Amino acid sequence: MRALASVFVTLSLLPAQRAADRFVPLWNGKDLAGWHGQRHFSPYDLATMPPEARAKLRAEDDATVAQHWRVENGELINDGQGAYLTTDRAFGDAEFVLDYKTVALADSGIYLRGTPQVQIWDTTEAGGKWKIGADKGSGGLWNNEKHANRPLVLADKPFGEWNALRIKQLGELTWVWLNDQLTVDGAVMENFWNRKIPLPANGSLQLQTHGGEIRFRNLMVREIAADEANAELAARAADGFESIFDGKTLSGWQGAVDDYEVVEGAIRCKAGRGGNLFTAATYGDFAVRLQFKLPPGGNNGLAIRYGGKGDPSAEAIELQVLDDSAAKYSALKDYQYHGSVYGLVPAHRGHLRPVGQWNFEEVIVQGSKIKVVLNGTVIVDADVATIDKPMSGGEHPGRFRKEGAFGFCGHSDPVEFKDIKIRRL
């Protein structure tokens, strides 16, 4: 009864709309079923290990979990040593809530998608870590180097009291509330294991432990569906964006209008048809936000600063819209997969939603710099004017254009687009 009451208290502290959402237990409150041990170890290295070596590592880590973790009265307790307790399941976009209580000199954290971390530590001067930021408090993304890595406020409770932690992850963006105070506000969480690539699209949650005892209770999770994630991403910094599609007709569009149709509020390329559909208006520097849905094997593209004639991939800029999971595309060039600047810049892969779900994408065009943000993760950030030799081997004079239309490059597949909004920069 005490555990159930505490869960109710934790959830009641969330905003009203969140309290009504469906959180489910992340831990059964009785044993370690659904969890395993894993030390601080790169998931990329783990994935490339021979099966025998991987199994040996797991066995060693599970053995230290048995030594240093225990369950008492609905609490997970670690003595400050051993491998980190790690979920068997991987999570993508999700919201987590948990309570923790720790002791002086302890240093811990929450790994998201197998990556460090939301910081938990001794924030007192006696803890000896003020020189590295402990005085700023717990709840920050301490391992970040380029993006915010300190909490917005000091929200820790005194030793001996339970702290309530809430974490939301959309793409590579992280929000953290510690004891109902916002400590991270949609900051990019960097990929500690390889800072040249974004945070993985999914991975395990880990409870890091070292330096002293820490206790956890009331661990719960709410996985965030694509529609909710897309709506939240679209609402971020939405001022100045104006719709360029009325949801009913192709008014304001030109080019291959006979090869596209409007279906249930979306522009869809007709199956077996194609061509370039583009706006009557032209744009210089701009940001465009839209949602798109791919059929199996779907292929289309976004035309950037298109002049109305010729192939957009050469005479303008084409950003790929592609089902990367299709077997028929398994041997493409790197610059041909989704989000890539065709022929010029390959995109980071692995961040598309499953085929049939709506994806949210934002493209920011400033001068010759192109940024592509897919489902909350930056997959391209490049200056196309500085490329000496295009990867395709061909010429791409369109990358130097200063202005042109925005549009779609149909390739015979019924790819759909909706909620298309542009902001001039």
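The values are calculated or read from the model by the stated rules, or taken from the named source; none is laboratory data. A quick note: this is a predicted structure, and the numbers were derived from the prediction, not measured. Cβ sites come from the backbone with ideal geometry, for glycine too, and all protein chains shown count toward neighbours.
Before moving on, here are some points about what is shown:
- Residue count for the stretch 88-98 satisfying the condition of being buried (at least 21 other Cβ atoms within 10 Å of the Cβ) and farther than 21 Å from LEU233 by Cβ: 2.
- Of the candidates GLY394, GLY339, GLY308, GLY404, the single residue that is in contact (Cβ under 8 Å) with a residue 12 or more places away in the chain, of a type in the set (Gly, Ala, Ser) and closer than 20 Å to PRO296 by Cα is GLY339.
- Candidate set: the stretch 370-397, residues that are among the acidic types (Asp, Glu) and assigned to a loop (DSSP other than H, G, I, E, B); chosen: the one surrounded by the most Cβ atoms within 10 Å (Cβ to Cβ): GLU395
- Scanning the stretch 46-59 for residues that are within 22 Å of LEU112 (Cα to Cα) and surrounded by 11 or more Cβ atoms within 10 Å (Cβ to Cβ) yields LEU46, MET49, ARG54, LEU57, ARG58.
- Matching residues, the stretch 75-87, being in contact (Cβ under 8 Å) with a residue 60 or more places away in the chain and either under 23 Å from GLY171 (Cα atoms) or surrounded by 14 or more Cβ atoms within 10 Å (Cβ to Cβ) (or both): GLU75, LEU76, ILE77, ASN78, GLY80, GLN81, GLY82, TYR84, LEU85, THR86, THR87
- Check on LEU352, over 13 Å from ILE304 (Cβ atoms) and not assigned by TED's automatic domain parsing to the domain that holds TRP175: yes
- Some residue of the stretch 404-417 being surrounded by fewer than 18 Cβ atoms within 10 Å (Cβ to Cβ) and part of a helix (DSSP H, G or I): no
- The conditions of being touching a Lys or Arg at 6+ places or on another chain (Cβ under 9 Å), at pLDDT 50 or above, outside any loop (DSSP other than H, G, I, E, B) and not aromatic (Phe, Trp, Tyr) are not met by GLY29.
- Screening PHE400 with (1) within 15 Å of GLY343 (Cβ to Cβ); (2) buried (at least 22 other Cβ atoms within 10 Å of the Cβ) gives one miss only, at (2).
- Scan the stretch 86-105 for residues that are outside any strand (DSSP E or B) and in contact with a His (Cβ under 8 Å, 6 or more places away or on another chain) and the total you get is 1.
- Filter pass, ASP156 being at negative phi, part of a helix (DSSP H, G or I), among the acidic types (Asp, Glu) and touching a residue at least 12 places away in the same chain (Cβ under 8 Å): no
- When ALA281 is tested against the conditions (1) part of a loop (DSSP other than H, G, I, E, B); (2) in contact (Cβ under 8 Å) with a residue 60 or more places away in the chain; (3) touching a helix residue (DSSP H, G or I) at 6+ places or on another chain (Cβ under 6 Å), the lone failure is (3).
- Within the stretch 172-228, tally of residues that are among the polar types (S, T, N, Q), part of a strand (DSSP E or B) and surrounded by 17 or more Cβ atoms within 10 Å (Cβ to Cβ): 6
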